[in-house]
Amino acid sequence: MFSDKSIAVTDEKLVIPEMKYNIEKVPETDRVTQFLKIFAALLKETNYGSALELYTKVSAKCAKCTTSCHVFQATKDVKDIPCYRSELLLSVYRRYFSLEGSIYARIFGGFELTEEHITQMQHSFWNCTACRKCVLECPSGIDHGMLTHIARYILAEMGLTPRALVISTREQLQGETGNTSAIPLIALKDSLEFLEEELKEATGEDIKFPLDVEGADYIFFAPVSDYLMEAETLMGIAAVLHAAGVSWTIGTKYFDAINYGLFYSDLVLGRVLRKMQEETQRLKAKKVLIGECGHATRSATFLKTYWQGEGCPEIVNILQLTHQLLREGRIKLDPTKITERVTYHDPCNLARQNWIVEQPREIIRAFCKDFVEMTPNKTENYCCGGGGGTVSIDEIRKYRTTISGRKKAEQIRKTEAHYVIAPCANCKKQIRETMEDNNVDGELVGLHDLILKAIVINK
Amino acid sequence: MKAILTDITKCIGCTQCVSACKVINKLPPDKPREWQKNDGLSARNWTSVLFKDEYYVRKQCRHCIEPACAAACPVGALHKTDFGAVIYDSNKCLGCRYCMMACPYGIPRYDWDSAVPYVRKCIMCYENINNGVIDQPACTKACPTGATIFGEREDLLIEARKRIKNEPDKYLDTIYGEKEAGGTNVLYLTSKDCPLDFLFYYNNRIEKGVKLLGEPAFNQPYPPLTKKAMNSVPFAFVGMGAVMSGLYWIVKRRQKLEKENKGAEDGKNQ
Amino acid sequence: MERINKFKLVLWIILGIALAAGITRFIFGLGATTNLSDTTPWGFWIGFDVMGGVALAAGGFVIAAFNYIFGRKEFHSISRAAILTAFLGYVAVVIGLLFDLGLPWNIWHMIIFWNPHSPLFEVGWCVMLYLTVLFLEFMPVVLERFPNLHLLSKIHKVLTKIRIPLVVLGIMLSTLHQSSLGSLFLTMPYRLHPLWWSPILPVIFFVSAICLGLMMVIVENMTSSYLYKREFEENILGKLSRIAVYLLLFYLVLRFGDIIIRGAGIFLFQASWGTYLFWLELALTVFIPLIIFIIPKLRKQPNFLYLGALSGVFGIVLNRLNVGGLTHLTNLTKSGSFYFPSWLELSISAGVVSLAMLAFFYFIENYSVWDEKPKDIDSEPLTVPKFNTNYVYLGPTKTANRVKFSFAFVIAFGLAFALISGKHIYSKGFDKTPVYKARGGDTLLIDGNRNGYGVMFPHKFHGDSIKIACGKCHHLNKPKDKNTQCFECHNDMYLTGDAFRHDWHTSAQGANLNCFECHKHNVNKGEEFRGNMAAITKLCLKCHNDLFPADVKVKILKTYVTLSYTDAMHKLCINCHKERLAADSLLRKSKPGLALCSNCHPKPAQYSAEHKLFTKQNVNKWVVVPPRLK
Amino acid sequence: MEDLLNFAKGPLFRFSFAVMLLGLLRLFVLSLINGFEAKKKAPDKSIPKGYVRKLTWGYLFPIRAFRTKPIYSLVSIIFHIGFILTPLLLYSHALLFSESIGFSWMGISLSKPVADNLALITIFAGIILLLLRLTSKITRSISRKQDYLWLLLLVVPFITGYVCSAVVTEPATYKTFLTIHVLSGDFIFIFMPFTKIAHCILLPLSQWVTARSWKFVPEAGENIEKILGKEGQKL
């Protein structure tokens, strides 16, 4: 009678693949004390305590978050309810770090932190893609995304991080190449030369990727995987910047925008951003330009926080810049080029807080005839399913595409679009795999891939 | 100055004066409280009748000629009028209750149960008489036996002496209020069986009849007790200032000299 | 948990209790919260908060005098703390005074309405001015923190320049009001116990204030040093104690000289409460400190030094309490009610002191009151304690304190607020004494004499044969209740009541009405409920068509407030009975003395003594006097 | 029974009311201080104001709530309205306050029929909420004990109050129900600041605090390493 219709997904029997990722090193035995110690250190040094203190008081357990969680809607497993997952951490906080909770525990007993609880957290918090869609629904105002963030930080300090993430960050911070995909500089230069040739073929123009130009307006950081997998996006960006005559550059010492710190560790976040700062200061760039990537853009905004010294530059996403250039009339797009149906996927990190929502749509409307929206869209768009760094864990691809990405696949299928635009490196990889595994027709592109096709470059 | 003379021997204890007082001053009904002194006076009863040794003694404000309460009040909320009454200005009052402490008869009462309390006591129907509503206080007017009467103080003193003279066996040869505490505007005549010393704090003394040095005499008014101290205030103030400045000057000079000496010695040594 | 934090927790709990008491005092007035009475209008708040507080703060001017005027620079290191103590002490005095004053919002009246003859007026002015001076003396410590702000640093410069004049002014003002607090009591020679009242009371107060100032500095310094685990200035405190010896000896001579010259020596060796208090006070003030301070062996031990100074502080505060209220003759003799402060009074005073202490700690922790700030306050070491399963970590000390203190504060407030008895507030000092019901038709049993025995009353006969209208006796009949008794309306023996039973009319067992079925709705729209009750209220007859018999003459009452049972008996019943007696022969036969006072009051003077109302006083018996019996 | 009722109306009521009022105030102030401290610690002071404001207003006028789970939202909103208005605006409660604490709001009160009906509606809303919680597997799985207890505890005073006001006439039963009514009310007050009902005062702050908490402290990461003794270690 009172069953919840909104969460019903048309579904036969669903086989849930095991969500199991590889851990770099197994932590020592007494994980409980270790967990609490790290938690305490975290509360002491960071700002999360104020939010946790509030959440433990207001959490009402109404289950409204279930209506917005794509993972839960696919699995129907109570362990995937955002509120259930948050309670895993909140109960620890309530028991060991809040006055009322500890008094209650002393009188009535109750929750105690155990090894099993930690194991449960270890799995649960990596199931969450930290898309923060549930925040919009929660009547208590709990940011489940933040709780995931905190819990992952603690787990990371214990060493319970997926190996894939650790390897890439290690390469980025301590490796020789200094980027997550371990591309040597020579390879980068090679591929850029190749891209320049490609561009010449496509547009007939001599479009350069300027390397190490001091004093440029923009220093460009792309998610490094783009150089390997999404070259067309880079070409599109180069074309746009060239057409508009923007002075920009790519640093050779550090050129990676990816920052997995946002997903599991503030420490890593800060260290990566320091590298970004060093490069920006070396080339004396006026602004920081981030390529098509959600988490990279959001983590780059924290440059303001981690910038040492005065004069933090403005951080601009390429979508914002292209939109601005389009408005100013500095680039022209041919409205007749793209005739296929197009749909747009909002990366969570860009759209959730109503940050970059309208700009890409205006750009698309300028040169695509048949643009359809997904439902829901804009700030409430579903996550691709690979958020929170899970996209880079290859051993759980099955889980990602069939469970996390299920909702997205349906959404895309409903639009019947040919082109699915996802201006985010993570989303691109995830959606492409999802479409493959779920047999969804269509082609996944970045926004600038399409722009490259439609851009008109006047001499 | 107007005054009230109460003849204890004539009082029949009908408490008509109490009712009349309540009516004219629009006082609400009284309920006995823990904090009342239990002599019948309260913030809502400005006069009362005590039952003492087969006699009835009416109690009310004595309207001293030199009232201690008026001298004590820091803001002058209480003051003595030429009419004879000691009246109270509730707009000035700040509720320090020093008047209640200072009164040698323990008369002023307080609105203890109110969040906005005032000091309450008999004001000899001052305002009503001034406005011409009545020609004498309600209590004297209401008295059926003429035990309490109103008039000029001199006239009443003459009347009192006359009564004592006429019936020396009946009356005690004292007019209460003529001299005590510098004289009051409420006078009492009493029977020989019933001396009224108990109305005065003087008689609360543990050792009766002991007169200590410095204590005021029976008929001495109270305000001068503090006046002496108050008069010396400016001298103390200026004197202390002068002494302190002088000391400071001397000490500083001495230090300076010491320094110079030291400097000179140092110079020599060098 | 550190010492200081534990101590602060206690202070916060006290503060919570005090807040509850303070709120009650401002809602319900002084009578509900204090044990003050018309006999003892001044009590603990004047004695401790004001007089004690001012005396406790004397350390400020004494140390300032030694440091700046007498050139004893060795006291410099404790002068800031002493001045801070004085400043906070005076602030506490003013806050305490706000509770004690009946009309605290009129406290500024002293500025515009002058009565220069009043010692209290002088005290008030001096305290105000001295508070300002202390504020200016202490300001530099606060301003030091902001050397970059131009305006503030300018003020700082000016203040340091005029420091010496300020100190001199402070000493002058202190001299005045420390002594004037004694002058307050000059006007009540027969109120105070002869061992305390003296024409030189101002001088005694001044000298004792200086003694107290010195000892208070010792106590304050050692206490705060203990709490912050800091080395205290043993040297300086030793010097202070040696100065205190001379002053205490002077005080002793002054006190006994005064008593003996006045001839009050006979009171010294009586067996009475007042004398005991005197010897206790002197022992605490003079004897214990003198013994400790004179013997070097004792003086050099911190524990004994502390004990001596503390004893002196308690002694002189006890002196102020004694003068302020405890030894008033109305309190010591049987002429009045005995005054001892209620727990609400004590808690408010304690709360004010706690507030001052917390402020003191705040300044110590945040400003350079001492030469060096207490350690471990600014920065926490980068460690987290070892966790076991019982451990609870509430964040850095500051955060944890905040959480704990506020929690303790709230709980203490709640408990104190609950414990403030409703009885004290609502009975207005009196227990309710219900009157028993006696219903009947033809014949009623009336406990007319209120002696526990019923009196037969031929009720029907009165209606049928004598044909008195019911309303004559039952001035307000209840609906369908033709034999309403006196007690129905006069339902309390001594308290006024409500003739219209609102509670019955609204209750579910009764008429189950809501307010607006009788009162017009526009009472909501701003019309005063009390202002014009008749205009907005429905008449009883609108609902009760058969309220009165047709032939009855009804006395219409203007108010529903009824007199107490006793009052009503005297005014209404007795008159009625008298009339009936005159007319009726039957009653005259059965109860000839029905209208006589002696029926109810057989022995007027003794009757009162038995009764609860009059149990408390023994002297000054006051009774409601009936007309003289034959 | 009489004594218990008097205790519940007197001391216990005063205690519970004081704890409720000051306790909630304490939570609010503590959260505010926490928020401002977070602001002080983080170098980046900006927050997405429009987003925070939009979500915060959403709590007071929860129109958005109807899009997902409309039945639940409607019932819950009705329950909240009834729960706030009925006890607050009943004349008897104003009377209780004036007798026990010394202030009240006698001037504004609901008429009896309105209050009765509102109480009935609230009771039904509460029961429906309980049923919703019990029948759905999802809510059942995430509910703690207090989630059921609260619903029951909140509904009890309404039921007993309604019974007292409109059903019983027999004095003994009336007294019993009234005692339960007052006692349950007291317990609600006492537990309010320490359980999830604190949301009544904390909700307006939650978005602001969240936004403040998202601001990182730059030194935090390194300091945590130091605390944990992992300084200088490689990843």
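A short reminder: the numbers here are calculations on the coordinates, not readings from a lab. This one's a predicted model, so the numbers in the text were calculated from it and none came from an experiment. When we count neighbours, we look across all protein chains shown, and the Cβ atoms used for this are built from the backbone with ideal geometry, even at glycine.
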Roughly how far apart, in whole Å, are the Cα centres of the stretch C:149-179 and the stretch D:1-48?
42
Applying the span-like rule to chain B (DSSP H, Cα extent along axis at least 24 Å, Kyte-Doolittle mean at least -0.5) gives B:233-269
Note to self: C-alpha centroids of the stretch A:50-127 and the stretch D:97-158 sit apart, in Å, by 26
Beyond 19 Å between alpha-carbons counts as too far, so tell me which of A:LYS76/A:LYS133; A:LYS79/A:LYS408; B:LYS26/B:LYS141; A:LYS407/D:LYS49; A:LYS76/D:LYS145 fall in that bin.
A:LYS79/A:LYS408; A:LYS407/D:LYS49; A:LYS76/D:LYS145
The Rg/Rh figure for chain A, Cα atoms and Kirkwood Rh, to two decimals is 0.98
For D:SER98 paired with B:GLN136, estimate the spin-label separation in nm (one decimal), with each label point 7 Å from Cα along the Cα-to-Cβ line.
4.5
What do you get for the angle between helix A:115-127 and the principal long axis of chain A? Use alpha-carbon atoms, 0 to 90 degrees, nearest ten.
30
Might you report the magnitude of the Cβ-based charge dipole of the stretch C:41-340 about its Cα centre, with Lys and Arg at +1 and Asp and Glu at -1, to the nearest 20 debye?
560
Cα-based equivalent ellipsoid, chain D: semi-axes from gyration tensor eigenvalues, Å:
41, 22, 18
Report, in degrees rounded to the nearest 10, the 0 to 90 angle that the Cα long axis of helix A:31-45 makes with the longest principal axis of chain A.
60
Whole number please: convex hull volume per residue, Cα atoms of the stretch D:39-155, in Å³.
207
Report, as a whole number in µm² per second, the diffusion coefficient that Stokes-Einstein gives for chain B at 25 °C and 0.890 mPa s using the Kirkwood radius over alpha carbon pairs.
114
Please express the shape of the stretch C:147-190 as an equivalent ellipsoid: the semi-axes are the square roots of 5 times the eigenvalues of the C-alpha gyration tensor, given largest first in whole angstrom.
39, 10, 5
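Could you compute how fast the stretch A:239-332 diffuses translationally, taking Rh as the Kirkwood radius over C-alpha pairs and applying Stokes-Einstein at 4 °C with viscosity 1.567 mPa s? Give it in µm² per second.
93
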Using Cα atoms only, what is the angle between the long axis of helix A:358-367 and the major principal axis of chain A, expressed in degrees (0 to 90) to the nearest 10?
40
If you consider only alpha-carbon coordinates, what radius of gyration and Dmax does the stretch A:31-158 have, in Å?
14.0, 40
Compare B:ASN128, B:ASN231, B:ASN219 in a GNM of chain B, Cα atoms joined below 10 Å, and give the one with the largest fluctuation.
B:ASN231
Expressed in angstrom and rounded, the centroid-to-centroid distance over alpha carbons for the stretch A:431-459 and the stretch B:107-136 is 95
In the stretch A:252-396, what is the count of Lys pairs whose alpha carbons are under 28 Å apart, counting only pairs at least 8 residues apart or on separate chains?
21
Which order do A:LYS407, A:LYS453, D:LYS69, B:LYS192 fall in if you start with the one that has the fewest other Cβ atoms within 10 Å?
B:LYS192, A:LYS453, A:LYS407, D:LYS69
Work the Kirkwood hydrodynamic radius out for the stretch D:11-57: mean of 1/r over every pair of different alpha-carbon atoms, inverted, in Å.
13.1
Okay, helix-only estimate at 222 nm for chain B: each DSSP H run of n ≥ 4 adds -39500 (n - 2.57), divide by all residues, round to 500 deg cm²/dmol; what do you get?
-10000 deg cm²/dmol
For the stretch C:41-340, the spread of Cα positions along each principal axis, largest first, Å:
66, 55, 32
Percent of all alpha-carbon pairs of the stretch D:97-190 at distances over 18 Å, whole number, is 59
Could you give me D for the stretch C:1-143, from Stokes-Einstein at 37 °C and 0.692 mPa s, where the hydrodynamic radius is the Kirkwood radius over C-alpha pairs? Units µm² s⁻¹, please.
188
Can you give the percent of C-alpha pairs in the stretch A:177-325 whose distance is more than 22 Å?
35
Find, to one decimal place in angstroms, the Kirkwood hydrodynamic radius of the stretch A:338-434, where the mean of 1/r is taken over every pair of different Cα atoms and then inverted.
13.5
Sequence gap at least 6, Cα distance under 8 Å: using those rules, report the relative contact order of chain D to the nearest whole percent.
39
